[in-house]
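The values are calculated or read from the model by the stated rules, or taken from the named source; none is laboratory data. None of the values given here were measured: they were computed from a predicted structure. Neighbour counts are summed over all protein chains in view; Cβ atoms, including those assigned to glycine, are modelled from backbone coordinates with ideal geometry. Accessible surface areas use protein heavy atoms only, side chains included; no ligands, DNA or RNA. Shrake-Rupley method; radii C 1.70, N 1.55, O 1.52, S 1.80 Å.
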Amino acid sequence: MPNTKFRLAIIEDRTPVLESLKSYFEDNTQFDLVVAARELDELLEANWSPECLDLLLCDIGLPNKNGIEITWYIKRKFPHIQVVMFTVFDDKEHIFQALCAGAAGYLLKSTPLPEMEQLLVEVMKGGSVMSPQVARMVISHFNPALEHKVDYRHREQLTPREIEIVSLLQQGYTYKKVAETAFISVDTVKFHIRNIYGKLQVNSRSELMLKYNKPI
């Protein structure tokens with residue numbers, strides 16, 4: 001009788017979390033755990049083939065390439081593999097970067113394992129899944145009336161990635177060149193730039209350059 005289980009891979013760098021996931025999915029009626037790794041290189045070096053994998057459950061905060069970069073890589077090299085993020089990050093930046101990269105789901109690590117199992121099954125049936133608070137944040141993004149007003153005076157400091165992007169723009173880089181240099185997609189560059197504009201209260205690249213007319 002052919003194997004009807006969904007074939008799963010996991011990337012998680014924290015040993016207790018990885019061991020818990022392995023223990024749950026190694027003897028599971030709906031999933032066959034093909035490989036568990038702590039980072040992308042370890043996954044790629046393991047003994048598996050792309051055609052024998054259906055789903056990747058991936059943390060975001062990983063050594064070397066982070067989970068969002070891994071999602072970009074997997075979805076472009078092996079587009080049939082579904083990727084679901086499994087993370088502690090519940091902020092808009094990580095959520096939308098993951099979705100732009102091609103993730104089919106975004107689950108927080110507070111999700112109970114049995115519930116997560118059913119959500120992963122939903123992904124394999126063609127759905128997209130999110131933890132409730134993540135879904136609320138996504139909905140609020142497209143319906144600002146649902147979201148409390150944010151005082152941007154407390155968000156003036158750019159993140160290291162945003163500072164990097166501003167620095168590259170100062171050098172005259174196009175969005176495409178920024179994406180290539182930072183190893184992210186053009187859509188992710190645009191996402192960062194929208195955040196930068198909001199934090200600095202500017203509306204164009206020229207205004208941004210005037211605001212930062214000296215090297216960062």
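Worth a mention:
- Scan of segment 87-110 for residues that are buried (at least 17 other Cβ atoms within 10 Å of the Cβ) and of a type in the set (Ser, Thr, Tyr), ordered by number: THR87, TYR106
- Search result, residues across segment 31-45 that are closer than 22 Å to THR4 by Cβ and open to solvent by 50 Å² or more (accessible area, probe 1.4 Å): ASP32, VAL34
- Residue ID - least open to solvent (accessible area, probe 1.4 Å), chosen from residues in segment 112-136 that are touching a Phe, Trp or Tyr at 6+ places or on another chain (Cβ under 9 Å) and without any contact (Cβ under 8 Å) to a residue 24 or more places away in the chain: ALA135
- Within segment 65-86, the residues that satisfy the criterion of being within 17 Å of MET124 (Cα to Cα) and open to solvent by 60 Å² or more (accessible area, probe 1.4 Å) are PRO79, HIS80.
- Residues of segment 53-64 satisfying the condition of being at pLDDT below 95 and within 17 Å of VAL121 (Cα to Cα): LEU53
- Where PHE25 falls short, out of the listed (1) aromatic (Phe, Trp, Tyr); (2) open to solvent by 50 Å² or more (accessible area, probe 1.4 Å); (3) at pLDDT 90 or above: (2)
- Selection from segment 170-189 of residues that are open to solvent by 40 Å² or more (accessible area, probe 1.4 Å) and either β-branched (Val, Ile, Thr) or outside any loop (DSSP other than H, G, I, E, B) (or both): GLN170, THR174, TYR175, LYS176, LYS177, GLU180, THR181, VAL186, ASP187
- Restricted to segment 190-207, and to residues there that are open to solvent by less than 20 Å² (accessible area, probe 1.4 Å) and more than 14 Å from ILE163 (Cβ to Cβ), the residue that is modelled with the lowest pLDDT is VAL202.
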